[in-house]
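Before any comments, here is the structure.
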Ligand code: CAA
């Protein structure tokens, strides 16, 4: 495993845990963090031995946003030329399922990073928001779009326009997070979810991810057609035969990821 300056990467069986590791600045997302998260997850994504990637931060902060000190002096031309934050989009292109395990602050870029993951698990200590407006900017890693799709217009508008922070309960009620767990259990729960996903057939899990993701990109009719094509394609896998045979034989399936 390569080593990183701002991350820890740990593999257990078919799952990987990527931990943001800039505790002194509450995991502020500098460009270095962006490039390392993208490099680390893309490397894991290319490994068929990895069936699920968990992304987490610390107990106090998943991430308190983009690195304000790094951004403060920037001008628009340099930001345009470097396409500031664009590499984060590559997280949404990973084919391996990802789980965000969020405790503490998930603000600005931190909230956006959590929303770039497929499953969002929250500790009861998690808080979410897009407070960029208080800094004289707006979200820049997709927050205005993904938050709106996740929680609807009224709440997304309120959060983006006032910078108000919402707690885990409100985030769950609004549909931003899949589940709240006690903070002490967050990593165990995230690992358990990851192990469950990684225990499924990898190509089928990829198809499920692709199908759900498509819902955010297309019309209902096209999305349903896309799903149906993948559903038919699933019958080309050995794992479909194994999964259905195992059910009929009343035994657990042994997926080969083929
Ligand atoms: N960037 C850089 N440094 C940050 C940071 C950030 N986003 N968030 C916190 N830090 C640093 C603080 O500057 C502080 O460093 P020093 O000790 O050197 O002063 C350290 O982390 C600890 O932070 P606090 O002392 O502020 O901790 P707190 O517990 O009192 O407050 C907090 C926690 C409410 C999260 C507060 O840190 C905060 O408001 N942070 C900024 C949140 C924010 O505005 N995020 C949006 C950023 S813009 C963005 O993300 C753009 C985008 O869409 C991509």
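The values are calculated or read from the model by the stated rules, or taken from the named source; none is laboratory data. Because the structure is a prediction, the values reported are computed rather than measured. In this analysis, Cβ positions are derived from the backbone assuming ideal geometry, glycine residues included, and neighbour counts consider all displayed protein chains.
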Between a first residue in region 10-28 that is in a loop (DSSP other than H, G, I, E, B) and a second residue that is more than 14 Å from the ligand (Cβ to nearest atom) and at pLDDT 95 or above, which pairs have beta carbons less than 6 Å apart while being 6 or more apart in sequence or on different chains?
-> 14/51; 14/198; 21/7; 21/8
Please find, within region 35-69, the residue that is farthest from the ligand (Cβ to nearest atom) out of those that are over 23 Å from residue 14 (Cβ atoms) and out of contact with any strand residue (DSSP E or B) (no Cβ under 9 Å at 6 or more places or on another chain).
-> 35
Return yes when residue 96 is in contact (Cβ under 8 Å) with a residue 24 or more places away in the chain, touching a helix residue (DSSP H, G or I) at 6+ places or on another chain (Cβ under 7 Å), in a loop (DSSP other than H, G, I, E, B) and within 16 Å of the ligand (Cβ to nearest atom) and no when it is not.
-> no
Helices (runs of 4 or more DSSP H) wholly inside region 139-212 containing at least 2 residues that are touching a strand residue (DSSP E or B) at 6+ places or on another chain (Cβ under 9 Å) and surrounded by fewer than 18 Cβ atoms within 10 Å (Cβ to Cβ) | 168-173, 186-199
Taking residue 77 and the conditions (1) within 12 Å of the ligand (Cβ to nearest atom); (2) without any contact (Cβ under 8 Å) to a residue 40 or more places away in the chain, which numbered condition does it fall short on, given that it satisfies the others?
-> (1)
Can you tell me which residues in region 232-258 are assigned to a helix (DSSP H, G or I) and under 22 Å from residue 94 (Cβ atoms)?
-> 233, 234, 239
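Yes/no matrix, rows are residues, columns are (1) over 30 Å from residue 207 (Cβ atoms); (2) in a loop (DSSP other than H, G, I, E, B):
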{"site": "49", "(1), (2)": "no, yes"}
{"site": "59", "(1), (2)": "yes, yes"}
{"site": "70", "(1), (2)": "yes, no"}
{"site": "74", "(1), (2)": "yes, yes"}
{"site": "78", "(1), (2)": "yes, no"}
{"site": "88", "(1), (2)": "no, no"}
{"site": "110", "(1), (2)": "no, no"}
{"site": "114", "(1), (2)": "no, no"}
{"site": "120", "(1), (2)": "no, no"}
